[in-house]
1. Hey, can you tell me all the residues within segment 235-252 that are open to solvent by less than 50 Å² (accessible area, probe 1.4 Å) and either in contact with a His (Cβ under 6 Å, 6 or more places away or on another chain) or touching a residue at least 40 places away in the same chain (Cβ under 8 Å) (or both)?
2. Look at segment 13-52 and say how many of its residues are open to solvent by less than 50 Å² (accessible area, probe 1.4 Å), in contact with a helix residue (DSSP H, G or I) (Cβ under 6 Å, 6 or more places away or on another chain) and closer than 14 Å to residue 103 by Cα.
3. May I ask you to list the residues in segment 150-164 that are open to solvent by 50 Å² or more (accessible area, probe 1.4 Å) and at pLDDT below 80?
4. Filter segment 165-185 down to the residues that are open to solvent by 30 Å² or more (accessible area, probe 1.4 Å) and either in contact with a helix residue (DSSP H, G or I) (Cβ under 6 Å, 6 or more places away or on another chain) or in contact (Cβ under 8 Å) with a residue 12 or more places away in the chain (or both) and list them by number.
5. Against the conditions (1) under 21 Å from residue 86 (Cβ atoms); (2) in a loop (DSSP other than H, G, I, E, B), where does residue 134 fall short? Just the number, please.
6. Here is a list: 112, 196, 218, 104. Which entry is free of Cβ contacts under 8 Å to residues at least 60 places away in the same chain and either in a loop (DSSP other than H, G, I, E, B) or among the aromatic types (Phe, Trp, Tyr) (or both)?
7. In segment 21-41, which residues are of a type outside the set (A, V, I, L, M), farther than 21 Å from residue 64 by Cβ and touching a residue at least 12 places away in the same chain (Cβ under 8 Å)?
Amino acid sequence: MFFNKSFPYSTSFRDHLLIATILSFLVVFILIFLQPFGAGNFNNPYKNLYFIGYGIISLIVYIALYFSSSWYYVSNKTWKWKEELVFSFLYVSLAIIIAFFYTELFINKKPEHIYLDFFVTWFRLMFFGFGIILSIVSMFVRNYYGKTNESEKEINKDSDKAVLLKSSLKKESFLVVLAKVIYVKSEDNYVNIYYEEDQKIKKKVMRNTLSSVFDQLESMIRVHRSYIINPSYISSLEGNAQNGKVRLDNIEEVIPVSKTYFDEVKSHMN
């Protein structure tokens, strides 16, 4: 069911502060430049300042609801479309309610308008004429930043992933961060593993075949019968399929590229 589908939720306060600011600017932009609901007939030398007040209301309401939703997310470890729709409804509704009192008490200065029938009419007009647009924009922006936040988490997760490389000798193994392996070179019955640690290039020699190490290092690509490299470290590709060579960041050795693998290496340059 649609309502039970997962919705990407950003755990970053910075993201939500940015979202709140975007929505607040949208509110002020619409009021000043589009002037809906007769805003153009409001004659007051400070009317733009009054309109900015609605943006501030939107900002405060969103941030307050963010803290509540963040607590809910941390407690339940889930955020679905039904929660997102509730959040959106509460955000728009609370902002409209506060805006009603702000309008009648501070702008129109007509406290006599503070009664139920007038409020219901005002709320309905604002919700269906303005709130739905704000709600849709809110969900769109939150979806975008939620997906971005999830992608960043995956990248950070992958960058910290370590792999235990096994040697052909049963007692020998080597733990290394996968993203820090630069390249591996085969020499006779051994492999030289070049990796980055503490901002230095280090070398580990193990008794093993290149094919075995290649199977254990999922992020590497093969470029030659004697070499596998991490494409993240490629700085340049020289020559053509007949005499290709690849240079890696902070590595003096020029790695030969076989004709068979040249196109694959080239694809990582785009």
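1. Result: 248, 251.
2. The number of residues fulfilling the criteria is 3.
3. Taking segment 150-164 and keeping what is open to solvent by 50 Å² or more (accessible area, probe 1.4 Å), we get 150-158, 160-162, 164.
Those that are open to solvent by 50 Å² or more (accessible area, probe 1.4 Å) and at pLDDT below 80: 150, 151, 152, 153, 154, 155, 156, 157, 158, 160.
4. Taking segment 165-185 first, the residues open to solvent by 30 Å² or more (accessible area, probe 1.4 Å) are 166, 168-173, 175, 177, 179-180, 185.
Within segment 165-185, 166, 168, 169, 172, 175, 177, 179, 180, 185 meet the criteria.
5. (2)
6. Working: 112 fails: either in a loop (DSSP other than H, G, I, E, B) or among the aromatic types (Phe, Trp, Tyr) (or both); 196 fails: either in a loop (DSSP other than H, G, I, E, B) or among the aromatic types (Phe, Trp, Tyr) (or both); 104 fails: either in a loop (DSSP other than H, G, I, E, B) or among the aromatic types (Phe, Trp, Tyr) (or both).
Only one candidate qualifies: 218.
7. Step one: of segment 21-41, the residues of a type outside the set (A, V, I, L, M) are 21, 24-25, 29, 33, 35-38, 40-41.
Keeping just the survivors that are farther than 21 Å from residue 64 by Cβ gives 29, 33, 35-38, 40-41.
Hits for segment 21-41 are 36, 37.
The values are calculated or read from the model by the stated rules, or taken from the named source; none is laboratory data. The structure presented is a predicted model; accordingly, all values stated were derived computationally and were not measured. With ideal geometry, Cβ positions are generated from the backbone for all residues, glycine too; neighbour counts draw on all protein chains shown. Accessible surface areas use protein heavy atoms only, side chains included; no ligands, DNA or RNA. Shrake-Rupley method; radii C 1.70, N 1.55, O 1.52, S 1.80 Å.
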